[in-house]
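Enquirer: My structure is below; once you've seen it, I'll send some questions.
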Amino acid sequence: MRWLTGLIALFALAACGSGGDVVSLKIENDWIRIDVTPADGAFNLNDKRTFASLKRVHLAADVVTSAGERLDTTLGRTMSCRVDEDPARVLVTCDGTTGAGFAAQLSLAVPKDRAGLVRLGASFTNATAAPITVRRFYSFRTAASEGGSVLLGNDAKTVRVLQNGSDEILDFYVAAYPGDTPLTDRDQIGIAGVSTYSNGSAIAHDLTAGASLLVGVLDLDWAVPQIAFAGSPQAKPIGMATPMTELWAEARFGGDVPVAPGAQVSLGTTLLVLGAATPFDALETYADEVAAARGVTLPPAPLSGWDSWYVGSATTDLSEAGIATSAAGLADRFGPYGLASMELDEGWQDEWGDWNARATFPSGMAATAAAIKAQGLTPELWIAPVAAKESSQLYRDHPDWFVAKDDYGRFLVPADTHGLDLGRPETLALVQELGARVQGWGYDAVKMDFVYYALLGQYAPAVGRTRTSLYREIVGAFRDALGPGVYLTNISQAYLNYGLAHGFRLGLDDWPCWEGGDCTGDHPNNGGIQAQGIKPQVRMAARRYWMNGRIFWNHQDQIFFRDLTLDEARAWVSVAGLSGGMVSLGEDPAALTDEQVDAYRRILPLTGSTARPLDLFTREFPEQWAVSTGPGTAVVGLFNWGRNVDLSRNPSVERADGEPVTHDVDLAALGLDATASYLAYELWTDTLLGPVSGSLTLEVPPHAGRVVRLVPRTTNPTYVGTNRHILMGPGFVTNPGYTVATGTFAAEVLTTPGFAHVIVLAVPAGATATAATLDGTPVTMTPASGAVRVSFTGADAASHVLSVAFAQ
């Protein structure tokens, strides 16, 4: 990497001693160029690989005066800048002032060992003798109205912006919209429409130029940062290109807050990712940086399990006997395959707020946890520790402990249910006691729900103490009380759970409906923002895929079979398995058919390997998913969700249901050698597809999925696939290889007791399989055109040596 160190030092010397006369301060390497203009209080940023650029980026605040709200900014005001350089990074720090009296500090850190990364820090200090009232701060702002621009390609219309929830409250839906979408009114947010304000991070990707820009905040704890990319059909072209018109990173107080004299407000660290080879690399880089900043440590694999909420009358009337019966059924049908946990959802408790065992658990909750453990499963308990119903003893005794609902709370929270005031010491003590209580019962996993009820309250924000900071304090206290060995899953508010939860539910509850909405088809919002069903979960699994295994384990909710065809259920099971997050079975295990049981078994145990949704920016419901399974191999999921939306068009175009879809996937997009030849095996149809080169082409019928494993084609017998697990790779069939001298293929195979294993080998012309053994014992061998299938029933859960002899 080449750094213009001498040039940096020259400009730094001029900047430090020249008042407002310095023209520019430059940082440049092989990937990016940053030009700071101290006299203008702004900087420009260019991605040298794709020529993407940001112009006139600056800091600002919305200050409230007696005359109303006004923008208070560093723009047009002289800053004093200095440069520090060490072997790891170059750091530019600039100090300036704003018209309202803030001392503003901007820092730009460019790591030397990471391509295209910039870490931006910002803070504001009241340098006056009187309070300054503020509504929001901007750590990052460029706008056409201020001479700024965001350019990724030749036209904002070809840009797609992927969010991460929006407007703080709307976290359960992740939008993707064109780059020429106008900026929405931030003071008129709703819960059913698309906003240009994204929670914590957003990425803009140009479909034509291939350029991407990700802006994401790493470590701000007092607000949910709002990142807004926006454009305008009337945007003024720059040369031959039409840019986006706004890019903002703001932190809202949720009201007017006085900043006392001498008080400092930090906006944390904002990460900018430019020049990434793909938008997937940019998203995953941001997730890794969040994990590093937050000190994230995760369990080695996501939990797979079963959830009582969706199983008949158990939704509201659980019992000790019923759970014992279900635990035995789960252990019998899925335990040997790697099922990890069993969750008691709502219905075990006497009352919301009191959280004691109801009468149907006469032996108590500890006894039920012990019974689940006796079946080899991890007991998991659902609880809503900061919410209570008016009928609870807690609410009757302490109604003053609860926060008054705000406008959203009155709309979203049931009238008889209330959230505890997150700022009261009694709330902190209560959640600590509840965490210790659950841990004492022996539950090794907990699903924490409805904490956002307490967020939807009327809080008086103050510097250093907002509802966001209070939320993180409460969740952290509950987690700590559970103890380090308990797996904590939370629901809703992704950014707020960075560094706190081990698992995170991605969106709304799942439901056994293909399009989403009401299973009877009466719901008017099928597939829409508020839909609950298979395809909405696919959309959320795709749009938050990059978090999985990095920030937390994504919880993709339930696996269903009822009210779905077998092909539909297998398609959803396939996405759940390939995308690598947590899943639960939402069915009575005793009611499942053998085919349904087999489908769920195919993704157990969960490995945490995370597939990329290759058409993330071009399909509303992505249909091409790929994950590497070792050097030169990949597993690809290809789907036909029926009705879909082509996001590559602007305006987008809907595809009708009912027709087959032919996929043509470039092997290079899978990280494979597009000039080489590969063998392909499809899991669900048990089909050897034959040699593949350049691209994988496969037709998929409506409402179905196909899972294909690709391996390099050789002149020797080659392992291609197995029916045991969706990934078909290491851990299930390990170290496969052919020894020419002996004419023998060998591999280590992990067997599952009672499962009818099939191992598929591709056989080149002229070779004939003569015998197959497992640890020396003969097993069944079935030759086919260009292949041989070796089959046997597993006797135990252990690794065995498979050997197949060939004659040339």
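Enquirer: Only bridges whose two residues both fall in the chain count here: according to DSSP, what percent of them are antiparallel, nearest 5?
Expert: Restricted to the chain, the bridges split so that about 85 percent are antiparallel.
Enquirer: Distance from the Cα centre of segment 279-310 to that of segment 667-682, in angstrom?
Expert: 28 Å
Enquirer: Give me the accessible area of Phe411, 1.4 Å probe, in Å² rounded to the nearest 10.
Expert: Spelled out: Phe411, probe radius 1.4 Å, area about 150 Å².
Enquirer: Right, something else. Between 0 and 90 degrees, rounded to the nearest ten: what's the tilt of helix 425-441 against the longest Cα principal axis of the chain?
Expert: Once rounded, one gets 10 degrees.
Enquirer: Keeping all protein chains in place, calculate the accessible area per residue for the chain (probe 1.4 angstrom), answer in Å².
Expert: Computed with neighbouring chains in place, this is 35 Å² per residue.
Enquirer: Rounded to the nearest 10 degrees, what's the angle between the helix 5-16 long axis and the longest principal axis of the chain, both from Cα atoms, 0 to 90?
Expert: Long axis of 5-16 versus the principal axis of the chain: about 30 degrees.
Enquirer: Hey, for a label at Asp113 modelled as a point 7 Å past Cα toward Cβ, could you say which residues of segment 281-295 have their backbone N under 19 Å away?
Expert: So the set is 285-295.
Enquirer: Using a cut-off of 23 Å between alpha-carbon atoms, which lysines can reach Lys389, once sequence neighbours fewer than 8 places away in the same chain are excluded?
Expert: Lys405, Lys447
Enquirer: In debye to the nearest 20, how big a dipole does the chain give about its Cα centre with +1 on each Lys and Arg Cβ and -1 on each Asp and Glu Cβ?
Expert: 1980 debye
Enquirer: Please figure out what share of the DSSP beta bridges in segment 426-575 is antiparallel and state it in percent, rounded to the nearest 5.
Expert: Roughly 10 percent of the beta bridges in segment 426-575 run antiparallel, per DSSP.
Enquirer: Between segment 352-411 and segment 440-494, what is the C-alpha centre distance in whole Å?
Expert: 14 Å
Enquirer: Also: If we sort 223-229, 689-695, 600-606 on the protection proxy, mean other Cβ atoms within 10 Å, highest first, what's the order?
Expert: Those peptides, ordered most packed to least, come out 223-229, 600-606, 689-695.
Enquirer: Let me ask another. Per the helix-only calculation at 222 nm, which mean residue ellipticity applies to the chain, given -39500 (n - 2.57) for every DSSP H run of n ≥ 4 and division by its residues, nearest 500 deg cm²/dmol?
Expert: Calculated at 222 nm, the ellipticity per residue is -5000 deg cm²/dmol.
Enquirer: Also, I was wondering about something else. Fully extended, how many nm does the chain gain between Thr744 and Gln530 (0.36 nm per residue separation, minus their Cα-Cα distance)?
Expert: Gain in length upon complete extension: 71.4 nm.
Enquirer: Can you give me the C-alpha center-to-center distance between segment 24-99 and segment 730-792, rounded to a whole angstrom?
Expert: 62 Å
Enquirer: Report, to the nearest whole %, how much of the accessible area of the chain belongs to carbon and sulfur atoms, 1.4 Å probe, protein only.
Expert: Roughly 52 percent, rounded to a whole number.
Enquirer: Could I ask something else about it? Show me the ranking of peptides 491-501, 137-147, 251-261 by mean Cβ neighbours inside 10 Å, starting with the highest.
Expert: Peptide ranking by packing, descending: 491-501, 137-147, 251-261.
Enquirer: May I pose another question? Tell me the label only: which of [x] 1.14; [y] 1.00; [z] 1.22 is Rg/Rh (Cα atoms, Kirkwood Rh) as calculated from this structure?
Expert: [y]
Enquirer: May I pose another question? Arranged from highest to lowest average of other beta-carbon atoms within 10 Å per residue, in what order do the peptides 175-182, 479-486 appear?
Expert: The packing order, highest mean first, is 175-182, 479-486.
Enquirer: Mind checking which lysines have their Cα closer than 27 Å to the Cα of Lys55? Skip sequence neighbours fewer than 8 apart in that chain.
Expert: Reachable lysines: Lys26, Lys112, Lys157, Lys236.
Enquirer: Further question: Between Asp598 and Thr715, what is 0.36 nm times their sequence separation minus the Cα-Cα distance? Round to one decimal in nm.
Expert: 38.7 nm
Enquirer: Against the longest alpha carbon principal axis of the chain, how many degrees, from 0 to 90 and to the nearest 10, is the axis of helix 320-333 turned?
Expert: Value to nearest ten degrees: 70.
The values are calculated or read from the model by the stated rules, or taken from the named source; none is laboratory data. Small disclaimer: the values here were computed from a predicted structure and weren't measured. Neighbour counts run over all protein chains shown; Cβ positions are idealised from the backbone, glycine included. The protein model used for the area step is the full one, side chains on, heavy atoms only, and it has no ligands, DNA or RNA in it. Shrake-Rupley method; radii C 1.70, N 1.55, O 1.52, S 1.80 Å.
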